[in-house]
Amino acid sequence: MKVLKFGGTSVGTPQRMKDVVKLINDGEQKIVVLSAMSGTTNTLIEIADYLYKKNPEGANETINSLEKKYRRHIDELYSTEEWKEKTLDFIKQEFDYLRSFTKGIFTMFEEKIIVGQGEILSTNMVTNYLQELGVNATLIPALEFMRTDKNGEPDLQYIGEKIKIQLEENPGKEIYITQGFICRNAYGEVDNLQRGGSDYTASLIGAAVNATEIQIWTDIDGMHNNDPRFVENTSPVSQLHFEEAAELAYFGAKILHPTCIQPAKFARIPVKLLNTMDPTAPGTVISNETEYRKIKAVAAKDNITAINITSSRMLLAYGFLRKVFEIFESYKTSIDMICTSEVGVSVSIDNTTNLSAILNELKKFAQCHIERIEEIRHSESGKGHVHHLRCWRPRLAECRLRISSHRCHEEYSSAHDFIRR
Ligand code: ADP
Ligand code: ASP
Ligand code: MG
(Lines give C-alpha, C1' and ligand atoms only; values in the text may rest on other atoms or scores of the structure.)
(Ligands and ions follow the chains in the order given, each with its own letter.)
Protein backbone atom coordinates (compact mmCIF):
# COMPACT_ATOMS: atom_id res chain seq x y z
CA MET A 1 0.00 0.00 0.00
CA LYS A 2 1.22 3.53 -0.78
CA VAL A 3 0.85 6.58 1.44
CA LEU A 4 0.32 9.90 -0.34
CA LYS A 5 0.38 13.29 1.36
CA PHE A 6 -0.98 16.47 -0.20
CA GLY A 7 0.05 19.81 1.30
CA GLY A 8 -1.89 23.03 1.81
CA THR A 9 -1.51 24.45 -1.70
CA SER A 10 -2.37 21.09 -3.26
CA VAL A 11 -5.80 21.26 -1.58
CA GLY A 12 -5.91 25.08 -1.47
CA THR A 13 -8.96 25.63 -3.72
CA PRO A 14 -11.95 23.52 -4.79
CA GLN A 15 -10.31 23.07 -8.22
CA ARG A 16 -7.09 21.83 -6.57
CA MET A 17 -9.13 19.37 -4.50
CA LYS A 18 -10.68 18.09 -7.75
CA ASP A 19 -7.19 17.72 -9.26
CA VAL A 20 -6.02 15.77 -6.21
CA VAL A 21 -9.01 13.47 -6.52
CA LYS A 22 -8.14 12.82 -10.19
CA LEU A 23 -4.61 11.89 -9.11
CA ILE A 24 -5.61 9.52 -6.32
CA ASN A 25 -8.57 7.87 -8.03
CA ASP A 26 -6.61 5.30 -10.04
CA GLY A 27 -8.02 2.07 -8.63
CA GLU A 28 -4.99 1.37 -6.41
CA GLN A 29 -5.52 1.04 -2.66
CA LYS A 30 -3.88 3.88 -0.73
CA ILE A 31 -3.86 6.03 2.38
CA VAL A 32 -4.08 9.74 1.64
CA VAL A 33 -2.95 12.31 4.20
CA LEU A 34 -4.25 15.85 3.74
CA SER A 35 -3.13 19.19 5.16
CA ALA A 36 -5.49 22.07 5.81
CA MET A 37 -6.33 24.29 2.81
CA SER A 38 -3.49 26.82 2.49
CA GLY A 39 -3.95 29.81 4.79
CA THR A 40 -6.42 28.07 7.10
CA THR A 41 -3.96 27.06 9.83
CA ASN A 42 -2.61 30.63 9.92
CA THR A 43 -6.16 31.97 10.28
CA LEU A 44 -6.88 29.49 13.07
CA ILE A 45 -3.73 30.65 14.85
CA GLU A 46 -4.99 34.23 14.47
CA ILE A 47 -8.29 33.21 16.07
CA ALA A 48 -6.43 31.59 18.97
CA ASP A 49 -4.35 34.78 19.37
CA TYR A 50 -7.51 36.88 19.66
CA LEU A 51 -8.80 34.52 22.33
CA TYR A 52 -5.52 34.63 24.28
CA LYS A 53 -5.80 38.41 24.18
CA LYS A 54 -9.39 38.17 25.45
CA ASN A 55 -10.82 39.64 22.26
CA PRO A 56 -13.83 37.41 21.41
CA GLU A 57 -15.18 39.98 18.93
CA GLY A 58 -11.97 39.79 16.86
CA ALA A 59 -12.11 35.99 17.04
CA ASN A 60 -15.77 35.87 15.98
CA GLU A 61 -15.19 38.20 13.06
CA THR A 62 -12.33 36.04 11.79
CA ILE A 63 -14.35 32.85 12.32
CA ASN A 64 -17.28 34.34 10.36
CA SER A 65 -15.15 35.37 7.39
CA LEU A 66 -13.42 31.96 7.33
CA GLU A 67 -16.83 30.28 7.40
CA LYS A 68 -18.01 32.38 4.43
CA LYS A 69 -14.94 31.29 2.48
CA TYR A 70 -15.65 27.62 3.20
CA ARG A 71 -19.31 28.02 2.22
CA ARG A 72 -18.17 29.35 -1.16
CA HIS A 73 -15.78 26.42 -1.54
CA ILE A 74 -18.63 23.97 -0.89
CA ASP A 75 -20.74 25.63 -3.54
CA GLU A 76 -17.96 25.19 -6.07
CA LEU A 77 -16.84 21.69 -5.11
CA TYR A 78 -20.02 19.63 -5.20
CA SER A 79 -22.41 19.26 -8.08
CA THR A 80 -25.34 17.64 -6.29
CA GLU A 81 -27.63 19.37 -3.77
CA GLU A 82 -27.45 16.29 -1.54
CA TRP A 83 -23.67 16.54 -0.99
CA LYS A 84 -23.71 20.32 -0.82
CA GLU A 85 -26.30 20.16 1.97
CA LYS A 86 -24.52 17.37 3.78
CA THR A 87 -21.19 19.20 3.72
CA LEU A 88 -22.75 22.55 4.62
CA ASP A 89 -24.29 20.90 7.72
CA PHE A 90 -20.85 19.67 8.66
CA ILE A 91 -19.29 23.12 8.06
CA LYS A 92 -21.95 24.73 10.24
CA GLN A 93 -21.23 22.30 13.08
CA GLU A 94 -17.49 22.92 12.75
CA PHE A 95 -17.78 26.71 12.83
CA ASP A 96 -20.28 26.61 15.72
CA TYR A 97 -17.68 24.51 17.52
CA LEU A 98 -15.03 27.18 16.83
CA ARG A 99 -17.41 29.88 18.10
CA SER A 100 -17.94 27.92 21.32
CA PHE A 101 -14.31 28.68 22.27
CA THR A 102 -15.05 32.41 22.36
CA LYS A 103 -17.21 31.91 25.46
CA GLY A 104 -15.11 30.01 27.97
CA ILE A 105 -11.59 30.10 29.36
CA PHE A 106 -8.82 29.81 26.83
CA THR A 107 -5.62 27.87 27.39
CA MET A 108 -3.08 26.00 25.28
CA PHE A 109 -5.39 22.96 25.32
CA GLU A 110 -8.13 24.87 23.52
CA GLU A 111 -5.54 26.41 21.20
CA LYS A 112 -4.36 22.96 20.10
CA ILE A 113 -7.93 21.95 19.29
CA ILE A 114 -8.53 25.11 17.26
CA VAL A 115 -5.36 24.96 15.12
CA GLY A 116 -6.14 21.37 14.12
CA GLN A 117 -9.58 22.13 12.67
CA GLY A 118 -8.19 22.98 9.20
CA GLU A 119 -7.27 19.34 8.61
CA ILE A 120 -10.67 18.21 9.91
CA LEU A 121 -12.35 20.53 7.38
CA SER A 122 -10.23 19.59 4.34
CA THR A 123 -10.40 15.82 4.90
CA ASN A 124 -14.18 15.83 5.36
CA MET A 125 -14.62 17.94 2.22
CA VAL A 126 -12.44 15.66 0.07
CA THR A 127 -13.98 12.45 1.46
CA ASN A 128 -17.48 13.78 0.75
CA TYR A 129 -16.40 14.76 -2.76
CA LEU A 130 -15.00 11.27 -3.39
CA GLN A 131 -18.24 9.78 -2.13
CA GLU A 132 -20.27 12.10 -4.33
CA LEU A 133 -18.30 10.71 -7.28
CA GLY A 134 -19.09 7.17 -6.11
CA VAL A 135 -15.47 6.31 -5.20
CA ASN A 136 -15.06 3.64 -2.53
CA ALA A 137 -13.39 6.00 -0.02
CA THR A 138 -13.63 6.54 3.72
CA LEU A 139 -12.23 8.84 6.38
CA ILE A 140 -10.08 7.36 9.15
CA PRO A 141 -9.69 9.97 11.92
CA ALA A 142 -6.06 10.68 12.84
CA LEU A 143 -7.06 11.30 16.46
CA GLU A 144 -7.94 7.59 16.70
CA PHE A 145 -4.38 6.43 15.99
CA MET A 146 -1.77 9.24 15.81
CA ARG A 147 -0.22 9.67 19.24
CA THR A 148 2.91 10.95 20.93
CA ASP A 149 4.49 9.54 24.09
CA LYS A 150 5.51 11.26 27.35
CA ASN A 151 8.61 12.70 25.66
CA GLY A 152 6.51 14.18 22.88
CA GLU A 153 7.87 11.64 20.40
CA PRO A 154 5.55 9.63 18.14
CA ASP A 155 4.48 6.38 19.78
CA LEU A 156 5.15 4.07 16.83
CA GLN A 157 3.80 0.94 18.45
CA TYR A 158 0.51 2.60 19.41
CA ILE A 159 0.19 4.17 15.94
CA GLY A 160 0.78 0.81 14.25
CA GLU A 161 -1.76 -1.05 16.41
CA LYS A 162 -4.46 1.60 16.17
CA ILE A 163 -4.19 2.28 12.45
CA LYS A 164 -4.47 -1.45 11.84
CA ILE A 165 -7.76 -1.41 13.74
CA GLN A 166 -9.00 1.52 11.65
CA LEU A 167 -8.16 -0.30 8.42
CA GLU A 168 -9.75 -3.56 9.64
CA GLU A 169 -12.93 -1.74 10.63
CA ASN A 170 -13.17 -0.35 7.10
CA PRO A 171 -12.25 -3.35 4.95
CA GLY A 172 -11.94 -3.24 1.17
CA LYS A 173 -11.86 0.53 0.79
CA GLU A 174 -9.93 1.90 -2.14
CA ILE A 175 -8.95 5.22 -0.59
CA TYR A 176 -8.47 5.92 3.11
CA ILE A 177 -8.34 9.66 3.80
CA THR A 178 -6.85 10.98 7.02
CA GLN A 179 -5.67 14.22 8.62
CA GLY A 180 -2.05 15.27 8.68
CA PHE A 181 -0.59 17.32 11.53
CA ILE A 182 -3.02 16.44 14.34
CA CYS A 183 -2.45 13.85 17.02
CA ARG A 184 -3.09 13.14 20.68
CA ASN A 185 -0.45 13.38 23.36
CA ALA A 186 0.35 10.69 25.95
CA TYR A 187 -2.58 11.93 28.10
CA GLY A 188 -5.07 11.68 25.25
CA GLU A 189 -5.31 15.43 24.74
CA VAL A 190 -5.45 16.91 21.24
CA ASP A 191 -2.00 17.98 20.09
CA ASN A 192 -0.10 18.40 16.84
CA LEU A 193 3.20 17.52 15.18
CA GLN A 194 4.31 21.17 14.77
CA ARG A 195 3.88 23.42 11.73
CA GLY A 196 4.33 21.54 8.48
CA GLY A 197 3.76 18.29 10.42
CA SER A 198 1.55 16.59 7.82
CA ASP A 199 4.72 15.30 6.14
CA TYR A 200 5.61 13.65 9.44
CA THR A 201 2.12 12.12 9.68
CA ALA A 202 2.61 10.58 6.23
CA SER A 203 5.96 9.02 7.02
CA LEU A 204 4.75 7.75 10.41
CA ILE A 205 1.77 6.09 8.73
CA GLY A 206 4.05 4.76 5.99
CA ALA A 207 6.28 3.14 8.61
CA ALA A 208 3.29 1.88 10.61
CA VAL A 209 1.67 0.08 7.66
CA ASN A 210 4.98 -0.84 6.04
CA ALA A 211 4.04 1.06 2.90
CA THR A 212 5.76 0.35 -0.40
CA GLU A 213 6.26 4.07 -0.97
CA ILE A 214 5.56 7.43 0.65
CA GLN A 215 4.71 10.25 -1.73
CA ILE A 216 4.84 13.87 -0.59
CA TRP A 217 2.87 15.91 -3.12
CA THR A 218 3.48 19.65 -3.00
CA ASP A 219 3.71 22.75 -5.20
CA ILE A 220 7.21 22.17 -6.57
CA ASP A 221 8.91 19.41 -8.58
CA GLY A 222 11.03 17.96 -5.78
CA MET A 223 13.87 19.08 -3.52
CA HIS A 224 15.77 21.86 -5.29
CA ASN A 225 19.47 22.52 -4.94
CA ASN A 226 18.73 25.75 -3.06
CA ASP A 227 15.69 27.53 -1.65
CA PRO A 228 13.74 28.75 -4.71
CA ARG A 229 12.08 31.46 -2.64
CA PHE A 230 15.42 33.23 -2.36
CA VAL A 231 17.68 31.91 -5.10
CA GLU A 232 17.08 32.15 -8.84
CA ASN A 233 17.46 29.30 -11.31
CA THR A 234 17.42 26.46 -8.82
CA SER A 235 16.81 22.97 -10.14
CA PRO A 236 15.42 19.73 -8.69
CA VAL A 237 17.73 17.06 -7.32
CA SER A 238 16.61 13.72 -8.70
CA GLN A 239 18.05 11.40 -6.04
CA LEU A 240 18.91 11.89 -2.39
CA HIS A 241 20.00 9.55 0.35
CA PHE A 242 17.72 9.47 3.44
CA GLU A 243 20.45 11.11 5.47
CA GLU A 244 21.00 13.87 2.94
CA ALA A 245 17.29 14.66 2.76
CA ALA A 246 16.95 14.55 6.56
CA GLU A 247 19.90 16.87 6.96
CA LEU A 248 18.62 19.35 4.37
CA ALA A 249 15.13 19.34 5.91
CA TYR A 250 16.48 19.79 9.41
CA PHE A 251 18.70 22.64 8.33
CA GLY A 252 16.05 24.63 6.55
CA ALA A 253 14.80 23.07 3.29
CA LYS A 254 11.15 23.89 3.95
CA ILE A 255 9.81 21.40 1.43
CA LEU A 256 10.03 18.74 4.17
CA HIS A 257 9.17 18.76 7.87
CA PRO A 258 12.50 18.51 9.74
CA THR A 259 11.97 15.07 11.24
CA CYS A 260 9.74 13.45 8.64
CA ILE A 261 12.48 11.41 6.98
CA GLN A 262 13.38 9.44 10.13
CA PRO A 263 10.46 6.96 10.18
CA ALA A 264 10.84 6.27 6.45
CA LYS A 265 14.57 5.77 6.84
CA PHE A 266 14.19 3.29 9.70
CA ALA A 267 11.51 1.38 7.80
CA ARG A 268 13.55 1.67 4.54
CA ILE A 269 10.59 3.04 2.62
CA PRO A 270 11.43 5.26 -0.36
CA VAL A 271 10.00 8.78 -0.22
CA LYS A 272 9.11 10.62 -3.43
CA LEU A 273 8.68 14.37 -3.56
CA LEU A 274 6.21 15.15 -6.35
CA ASN A 275 4.47 18.18 -7.82
CA THR A 276 0.67 18.32 -7.80
CA MET A 277 0.77 21.10 -10.41
CA ASP A 278 3.01 19.01 -12.72
CA PRO A 279 2.32 15.36 -11.85
CA THR A 280 4.50 13.90 -14.59
CA ALA A 281 7.67 15.66 -13.40
CA PRO A 282 10.09 13.06 -11.96
CA GLY A 283 10.58 14.93 -8.66
CA THR A 284 13.04 13.66 -6.05
CA VAL A 285 13.45 10.09 -4.88
CA ILE A 286 14.78 9.69 -1.35
CA SER A 287 16.13 6.26 -0.55
CA ASN A 288 19.29 4.44 0.48
CA GLU A 289 20.88 5.27 -2.87
CA THR A 290 22.82 8.34 -3.76
CA GLU A 291 25.28 9.73 -6.26
CA TYR A 292 28.71 9.97 -4.70
CA ARG A 293 31.27 12.79 -4.75
CA LYS A 294 28.77 15.51 -5.54
CA ILE A 295 27.33 18.41 -3.55
CA LYS A 296 23.59 18.09 -3.94
CA ALA A 297 22.03 21.12 -2.31
CA VAL A 298 22.47 23.97 0.12
CA ALA A 299 20.00 24.85 2.85
CA ALA A 300 19.93 27.72 5.30
CA LYS A 301 17.95 28.34 8.42
CA ASP A 302 16.80 31.49 10.24
CA ASN A 303 16.07 32.02 13.92
CA ILE A 304 19.17 30.32 15.20
CA THR A 305 20.75 31.00 18.55
CA ALA A 306 24.51 30.62 18.56
CA ILE A 307 26.27 30.17 21.90
CA ASN A 308 30.00 30.74 21.93
CA ILE A 309 31.48 29.05 24.97
CA THR A 310 35.11 29.80 25.76
CA SER A 311 37.44 28.72 28.50
CA SER A 312 41.16 29.30 28.79
CA ARG A 313 41.29 26.05 30.70
CA MET A 314 40.11 24.09 27.67
CA LEU A 315 43.61 24.11 26.19
CA LEU A 316 45.01 20.59 26.59
CA ALA A 317 42.20 19.79 29.07
CA TYR A 318 39.87 16.84 28.77
CA GLY A 319 36.24 16.53 29.87
CA PHE A 320 35.28 20.08 28.83
CA LEU A 321 33.02 19.04 25.96
CA ARG A 322 31.40 16.33 28.07
CA LYS A 323 30.50 18.92 30.72
CA VAL A 324 29.03 21.20 28.05
CA PHE A 325 26.98 18.43 26.43
CA GLU A 326 25.68 17.14 29.74
CA ILE A 327 24.16 20.53 30.48
CA PHE A 328 22.31 20.61 27.15
CA GLU A 329 21.20 17.04 27.69
CA SER A 330 19.85 17.70 31.16
CA TYR A 331 17.69 20.51 29.72
CA LYS A 332 16.53 18.32 26.80
CA THR A 333 17.91 20.87 24.32
CA SER A 334 19.36 19.48 21.17
CA ILE A 335 22.42 21.05 19.61
CA ASP A 336 22.04 21.61 15.87
CA MET A 337 25.59 22.41 14.91
CA ILE A 338 28.90 22.64 16.61
CA CYS A 339 32.41 23.85 15.92
CA THR A 340 35.36 23.75 18.26
CA SER A 341 38.69 25.52 18.54
CA GLU A 342 41.62 25.36 20.97
CA VAL A 343 39.89 27.51 23.56
CA GLY A 344 36.21 27.08 23.03
CA VAL A 345 33.20 25.63 21.38
CA SER A 346 30.34 27.26 19.48
CA VAL A 347 27.00 25.56 19.27
CA SER A 348 23.74 26.54 17.67
CA ILE A 349 20.32 25.66 19.05
CA ASP A 350 16.75 26.02 17.86
CA ASN A 351 14.84 25.63 21.06
CA THR A 352 15.61 28.43 23.51
CA THR A 353 13.06 27.50 26.19
CA ASN A 354 15.77 26.62 28.71
CA LEU A 355 18.45 28.98 27.46
CA SER A 356 18.87 31.03 30.63
CA ALA A 357 19.12 27.93 32.85
CA ILE A 358 21.68 26.44 30.44
CA LEU A 359 23.71 29.66 30.51
CA ASN A 360 23.70 29.73 34.32
CA GLU A 361 25.18 26.24 34.37
CA LEU A 362 27.74 26.95 31.63
CA LYS A 363 28.91 30.14 33.31
CA LYS A 364 30.15 28.08 36.26
CA PHE A 365 33.15 27.01 34.17
CA ALA A 366 33.21 29.09 30.97
CA GLN A 367 32.46 32.47 29.43
CA CYS A 368 29.43 32.54 27.17
CA HIS A 369 28.45 34.86 24.39
CA ILE A 370 25.05 34.61 22.71
CA GLU A 371 24.19 35.63 19.17
CA ARG A 372 20.66 35.53 17.89
CA ILE A 373 20.41 35.19 14.14
CA GLU A 374 16.89 36.16 13.13
CA GLU A 375 17.26 36.51 9.40
CA ILE A 376 20.12 35.52 7.21
CA ARG A 377 18.49 36.19 3.87
CA HIS A 378 18.85 39.88 3.28
CA SER A 379 21.13 39.74 0.33
CA GLU A 380 20.35 42.75 -1.89
CA SER A 381 21.79 41.08 -4.93
CA GLY A 382 19.23 38.30 -4.69
CA LYS A 383 21.93 35.80 -5.40
CA GLY A 384 21.00 33.77 -2.40
CA HIS A 385 22.34 32.11 0.63
CA VAL A 386 25.79 31.15 -0.45
CA HIS A 387 26.57 34.62 -1.67
CA HIS A 388 25.33 36.09 1.55
CA LEU A 389 26.87 33.55 3.85
CA ARG A 390 30.27 34.32 2.51
CA CYS A 391 29.91 37.74 4.14
CA TRP A 392 29.62 36.33 7.64
CA ARG A 393 32.40 35.55 10.01
CA PRO A 394 33.56 32.09 8.96
CA ARG A 395 32.85 30.48 12.26
CA LEU A 396 29.25 31.65 12.32
CA ALA A 397 28.84 30.92 8.66
CA GLU A 398 29.94 27.43 9.44
CA CYS A 399 27.05 27.18 11.85
CA ARG A 400 24.52 28.46 9.35
CA LEU A 401 25.48 26.80 6.15
CA ARG A 402 24.76 23.18 5.81
CA ILE A 403 25.86 21.46 2.68
CA SER A 404 24.26 18.15 2.08
CA SER A 405 27.51 16.74 3.25
CA HIS A 406 26.78 13.08 3.75
CA ARG A 407 29.04 12.03 0.90
CA CYS A 408 31.26 14.99 0.30
CA HIS A 409 33.61 14.87 3.26
CA GLU A 410 36.34 13.54 1.07
CA GLU A 411 36.30 16.72 -0.97
CA TYR A 412 35.36 19.29 1.64
CA SER A 413 36.41 18.55 5.15
CA SER A 414 33.86 21.00 6.57
CA ALA A 415 31.36 23.65 5.67
CA HIS A 416 34.09 26.12 6.57
CA ASP A 417 36.31 24.60 3.95
CA PHE A 418 33.52 24.80 1.42
CA ILE A 419 32.97 28.50 2.12
CA ARG A 420 36.64 29.31 1.63
CA ARG A 421 36.71 27.62 -1.72
P1 ADP B 1 3.18 22.00 1.46
O2 ADP B 1 2.14 23.03 1.81
O3 ADP B 1 2.83 21.19 0.27
O4 ADP B 1 3.59 21.18 2.64
P5 ADP B 1 5.52 23.66 1.76
O6 ADP B 1 5.21 25.10 1.54
O7 ADP B 1 5.64 23.20 3.17
O8 ADP B 1 4.44 22.81 0.95
O9 ADP B 1 6.85 23.23 0.99
C10 ADP B 1 7.02 23.53 -0.38
C11 ADP B 1 7.80 24.82 -0.52
O12 ADP B 1 9.08 24.67 0.06
C13 ADP B 1 8.08 25.20 -1.94
O14 ADP B 1 7.01 25.90 -2.52
C15 ADP B 1 9.36 26.02 -1.81
O16 ADP B 1 9.07 27.39 -1.86
C17 ADP B 1 9.89 25.71 -0.42
N18 ADP B 1 11.28 25.27 -0.42
C19 ADP B 1 12.26 25.70 0.42
N20 ADP B 1 13.43 25.11 0.17
C21 ADP B 1 13.22 24.26 -0.86
C22 ADP B 1 14.06 23.37 -1.60
N23 ADP B 1 15.35 23.21 -1.30
N24 ADP B 1 13.50 22.67 -2.60
C25 ADP B 1 12.20 22.79 -2.92
N26 ADP B 1 11.35 23.62 -2.26
C27 ADP B 1 11.85 24.35 -1.24
N1 ASP C 1 -1.67 22.67 8.36
C2 ASP C 1 -0.44 22.57 9.12
C3 ASP C 1 0.43 23.80 8.87
O4 ASP C 1 0.02 24.68 8.13
C5 ASP C 1 0.31 21.30 8.86
C6 ASP C 1 0.81 21.11 7.44
O7 ASP C 1 0.34 21.77 6.52
O8 ASP C 1 1.66 20.25 7.25
O9 ASP C 1 1.48 23.89 9.43
MG1 MG D 1 4.92 21.54 4.24
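The values are calculated or read from the model by the stated rules, or taken from the named source; none is laboratory data. Since the model is a prediction, treat every value here as computed from it, not as a measurement. Because the Cβ atoms are built from the backbone with ideal geometry, glycine has one as well, and the counts that use them run over all protein chains shown.
The residues of the stretch 132-153 that are touching a Cys at 6+ places or on another chain (Cβ under 8 Å) and part of a helix (DSSP H, G or I), listed by number, are Ala142, Leu143. Are any residues in the stretch 82-128 within 26 Å of Arg195 (Cβ to Cβ), among the aromatic types (Phe, Trp, Tyr) and touching a residue at least 40 places away in the same chain (Cβ under 8 Å), and if so, which ones? Passing the criteria: Phe101, Phe106, Phe109. Taken over the stretch 46-91, the residue count meeting the criterion of being within 20 Å of Glu110 (Cβ to Cβ) and among the basic types (Lys, Arg) is 2.
Return yes or no: is Ile255 in a loop (DSSP other than H, G, I, E, B), crowded, with 22+ Cβ neighbours inside 10 Å and either of a type in the set (Gly, Ala, Ser) or within 16 Å of ligand 3 (Cβ to nearest atom) (or both)? So Ile255 passes the test. Among the conditions (1) assigned to a loop (DSSP other than H, G, I, E, B); (2) farther than 15 Å from Gly118 by Cβ; (3) in contact with a helix residue (DSSP H, G or I) (Cβ under 8 Å, 6 or more places away or on another chain), Arg195 misses just one, which is (2). Per the listing Leu66, Leu23, the residue uniquely over 23 Å from Thr102 (Cβ atoms) and away from ligand 3 (no atom under 16 Å from the Cβ) is Leu23. Being part of a helix (DSSP H, G or I) and not hydroxyl-bearing (Ser, Thr, Tyr) holds for only one residue in Gln157, Gln215, and it is Gln157. Of all residues in the stretch 201-238, exactly one satisfies the criterion of being in contact with a Ser or Thr (Cβ under 6 Å, 6 or more places away or on another chain) and away from ligand 1 (no atom under 11 Å from the Cβ), namely Ile214.
So in the stretch 258-273, with the set limited to residues that are part of a loop (DSSP other than H, G, I, E, B) and of a type in the set (A, V, I, L, M, F, W, C), which one is farthest from ligand 2 (Cβ to nearest atom)?
The selected residue is Ile269.
Within the stretch 201-236, which residues are hydrophobic (A, V, I, L, M, F, W, C) and modelled with pLDDT of 95 or more? Steps first, please.
So in the stretch 201-236, the residues hydrophobic (A, V, I, L, M, F, W, C) come out as 202, 204-205, 207-209, 211, 214, 216-217, 220, 223, 230-231.
Scanning the stretch 201-236 gives Ala202, Leu204, Ile205, Ala207, Ala208, Val209, Ala211, Ile214, Ile216, Trp217, Ile220, Met223.
The requirement of being farther than 27 Å from Glu46 by Cβ and either within 16 Å of ligand 1 (Cβ to nearest atom) or touching a residue at least 40 places away in the same chain (Cβ under 8 Å) (or both) is satisfied by Tyr176.
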